[in-house]
1. Relative contact order for region 310-402 using alpha-carbon pairs under 8 Å, separation at least 6, rounded to a whole percent?
2. Can you give the FRET efficiency for VAL255 and ILE347, using 1/(1 + (r/R0)^6), R0 = 30 Å, r = Cβ-Cβ distance, to the nearest 0.05?
3. For region 358-397, count the residues as N, evaluate 2.2 N^0.38 Å, and divide the Cα radius of gyration by that value, please.
4. Once you list every other residue whose beta carbon is under 14 Å from the beta carbon of GLU296, what net charge do they have if Lys and Arg are +1 and Asp and Glu are -1?
5. So, R0 is 51 Å and r is the distance between the beta-carbons of PHE117 and SER333; what FRET efficiency does that work out to, to 0.05?
6. Dividing the Cα radius of gyration by the Kirkwood radius, what Rg/Rh value follows for region 304-374?
7. Between region 88-111 and region 121-158, how many Å separate their Cα centres?
8. Can you give me the convex hull volume of the Cα atoms of region 221-305, divided per residue and expressed in Å³?
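The numbers here are math on the coordinates, done by the rules we state, and not lab data. Predicted, not measured: the structure shown is a model, and the values here were computed from it. Ideal geometry is used to build each Cβ from the backbone, glycine not excepted, and the neighbour counts take in all protein chains shown.
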Amino acid sequence: MAELVDKQMEETEDDPIMPDEVDPSEGSLQQNISISSLMLMDGGSAGSLEMIPSGSKSSSYRSSENCAKFPDHIKQKEDMEIQDVVRQYALCFLPAKSLCRFKTVSKEWLRWINCPFFVHTQTNHFRHISGLFCQFPGESPSFMSLNPVAYGVPNPTLCFLPEPVDARTSCNGLLGCQSRLGDNAYYICNPVTEGWRMVPKPNLYHGPETAIALAFEPDILNFEAQYELVCAVTLPDRTALQFEIYSSRTNSWRVCNAVFLELDALPLNGDGFYTRGFVYWETKSGAVLVFDLKEEEYGIVSLPPSRKPTGALTDMRGELCYLLPHKEDDAWSIEVYGNMDMSLQCIIPLHSEFLGHLVDGECRALAFVNDDTLIITLGTKVIAYHARAHRMEWVSDARTDGFVKYFPYVNSFCTCGPFHA
């Protein structure tokens with residue numbers, strides 16, 4: 001029996017149909033085929049040398065006996081070299097900019113990073129906030145990287161799109177933009193891959209007061225990105241809001257039955273953001289409009305009475321929070337409000353010895369990212385302040401000519417679906 005198996009193995013190795021190298025995504029399938037072939041050669045076929053009754057040997061015994069020697073084209077874990085381990089298990093945790101550089105390591109790495117399976121895996125494993133997109137009135141979008149060596153996009157002005165746009169919302173690597181031209185068309189794009197999709201024309205009239213939010217949650221079971229663009233539309237004939245949602249799954253819009261009629265909470269203070277099934281918009285009246293994307297219902301959450309224009313509504317470790325800068329004597333701190341009653345949860349001190357001369361400038365909160373990092377403007381600087389380590393990093397120079405919307409961005413390879421004109 002052993003001689004027969006060895007002979008069959010030699011013929012398999014010499015077979016020109018079997019490749020010397022196998023794509024990692026196909027390895028498991030070919031391994032199963034090889035193991036099945038070996039099992040058929042032993043005891044399970046009419047032409048075998050030895051008939052083994054079904055009850056005399058267990059399947060685990062037959063597998064261990066016949067699979068002692070694997071085909072040479074299948075790499076066992078103990079035979080993998082360090083570059084194989086890095087390629088298969090580590091690269092998916094890296095940002096897109098670093099991966100674009102690693103494409104030059106070898107042709108094998110180039111094929112691996114470009115394959116759809118790896119793109120899907122990286123989208124699900126890399127969720128680190130890499131920087132902030134911002135939009136100044138009358139200017140092209142810009143990107144501020146938290147680490148220019150690791151994070152970046154080739155065209156932060158989004159000039160790869162067919163017309164000039166304003167960047168308005170971001171979620172897990174995708175951007176929601178709107179044309180500056182008369183049609184006000186919406187676009188969904190990935191600034192890393194420069195892939196984009198033009199959203200069909202909505203059913204309702206989306207005027208300048210319309211506030212939007214992109215909702216995208218990568219799913220390990222779905223290779224094609226499925227996202228929704230949620231729009232709070234002000235009805236022209238009455239002071240009310242209605243919600244219209246674009247779905248990439250159907251490439252169409254739907255109008256929700258819910259109508260927001262609480263006039264004392266209007267209007268909305270710009271675009272919102274999505275986290276864990278809910279969309280949040282801050283209103284100018286000191287409240288938060290909450291929209292449940294699954295149930296398509298809305299609710300109202302009050303902001304702290306001490307709120308200021310320098311505060312920011314943000315996602316903090318998956319929960320809705322409000323960041324409010326506070327200065328006492330010569331020391332700045334960030335008050336964190338949360339829960340449904342927006343009560344004070346904690347105070348994060350900004351140690352003056354790390355801020356230096358910037359302590360005399362005005363402080364504005366922008367966002368809380370990556371579990372422990374505050375993004376703030378202080379004086380003329382945009383700063384990333386690491387709360388646990390009490391460490392400050394300069395991000396960019398700040399603009400002082402008015403408040404501008406900043407939104408966090410993930411440096412991901414996620415796709416935005418096929419192009420639709």
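1. On the way: 204 pairs, mean separation 19.1, N = 93.
Worked out over region 310-402, it gives 21 percent.
2. Working: r = 43 Å, r/R0 = 1.44.
Step by step, r from the Cβ atoms, then E = 0.10.
3. Working: Rg = 9.5 Å, N = 40, 2.2 N^0.38 = 8.9 Å.
For region 358-397, the normalised Cα radius of gyration is 1.06.
4. Numbers: positive: ARG254, LYS294; negative: GLU228, GLU244, ASP292, GLU295, GLU297.
Within the 14 Å Cβ shell, the charges total -3.
5. On the way: r = 46 Å, r/R0 = 0.91.
With R0 = 51 Å, the Cβ-Cβ based efficiency is 0.65.
6. On the way: Rg = 12.0 Å, Rh = 12.6 Å.
Reported Rg/Rh (Cα atoms, Kirkwood Rh): 0.96.
7. 19
8. Numbers: hull volume 9.0 nm³, N = 85.
Hull volume normalised by residue count: 105 Å³.
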